[in-house]
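The values are calculated or read from the model by the stated rules, or taken from the named source; none is laboratory data. Since this is a predicted model, take the numbers as computed values, not measurements. Using ideal geometry, Cβ is built from the backbone for each residue, glycine included, and neighbour counts are taken over all protein chains shown. SASA here: full protein model, heavy atoms, side chains in, ligands and nucleic acids out. Shrake-Rupley method; radii C 1.70, N 1.55, O 1.52, S 1.80 Å.
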Amino acid sequence: MHAFRLNSETFPTTNAELAELSAAGITVSVAESIDEPACQLLLPSIDALLVVSAKVRANVIDQLESCRVIVRYGSGTDNVDVHRATERGIVVANVPGFCLSEVADHTMALLLG
């Protein structure tokens, strides 16, 4: 199984993340943006698309020939065209606890500022 992880510079992959995916038999390719030329070559063959903040529009979803799941690291799925993914039979999920402590720290810093 092959997953493609976006936003890998803004939100770098962690050793724990890669270990969990590897233990499940999943190989991971990483990129910052869906617009990178190498990404376009990978899209038809991936089984899972993992995103943090990247926009996953219908034109990208239409290129996902083998994909079975799009996972948003964060609360909500507003950056994914859920309707188009559903039409293509791709499950869309999210990880609402992603960066929870970082958001809390940022909120407190803003309050103190």
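What to note about this one:
- Candidate set: region 1-48, residues that are open to solvent by 80 Å² or more (accessible area, probe 1.4 Å) and of a type in the set (Asp, Glu); chosen: the one farthest from ASP62 (Cα to Cα): GLU20
- If you go through region 12-51 and keep only what is touching a strand residue (DSSP E or B) at 6+ places or on another chain (Cβ under 9 Å) and assigned to a loop (DSSP other than H, G, I, E, B), you end up with PRO12, THR13, ILE26, ALA31, ILE34, ILE46, ASP47.
- Per the conditions (1) touching a Leu at 6+ places or on another chain (Cβ under 9 Å); (2) open to solvent by 70 Å² or more (accessible area, probe 1.4 Å), the sole criterion not satisfied by ASP105 is (1).
- All positions within region 81-113 that are free of Cβ contacts under 8 Å to residues at least 12 places away in the same chain, within 21 Å of PHE11 (Cα to Cα) and not polar (S, T, N, Q): GLY97, LEU100, GLU102, VAL103, ALA104, ASP105, HIS106, MET108, ALA109, LEU110
- Flag if LEU41 is over 16 Å from the mean Cα position of the chain (by Cα) and under 17 Å from ARG5 (Cβ atoms): yes
- Qualifying residue in region 30-41 (condition: at pLDDT 95 or above and closer than 20 Å to SER8 by Cα): no
- Within region 1-25, residues that are over 21 Å from CYS39 (Cβ atoms) have Cβ atoms under 8 Å from residues that are in a loop (DSSP other than H, G, I, E, B) and open to solvent by 80 Å² or more (accessible area, probe 1.4 Å) in these pairs: ALA24/MET1; GLY25/MET1, counting only partners at least 6 apart in sequence or on another chain.
- Selection of region 57-79 for residues being under 22 Å from GLU102 (Cβ atoms) and open to solvent by less than 10 Å² (accessible area, probe 1.4 Å) yields GLY74, ASN79.
So that you can scan it fast, the table gives a plain yes or no per residue for (1) at pLDDT 95 or above; (2) touching a His at 6+ places or on another chain (Cβ under 6 Å); (3) in a loop (DSSP other than H, G, I, E, B):
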{"site": "SER53", "(1), (2), (3)": "no, no, yes"}
{"site": "SER66", "(1), (2), (3)": "yes, no, yes"}
{"site": "GLY74", "(1), (2), (3)": "no, no, yes"}
{"site": "THR77", "(1), (2), (3)": "no, no, yes"}
{"site": "THR86", "(1), (2), (3)": "yes, no, no"}
{"site": "GLY97", "(1), (2), (3)": "no, no, yes"}
{"site": "GLU102", "(1), (2), (3)": "no, no, no"}
{"site": "LEU110", "(1), (2), (3)": "no, no, no"}
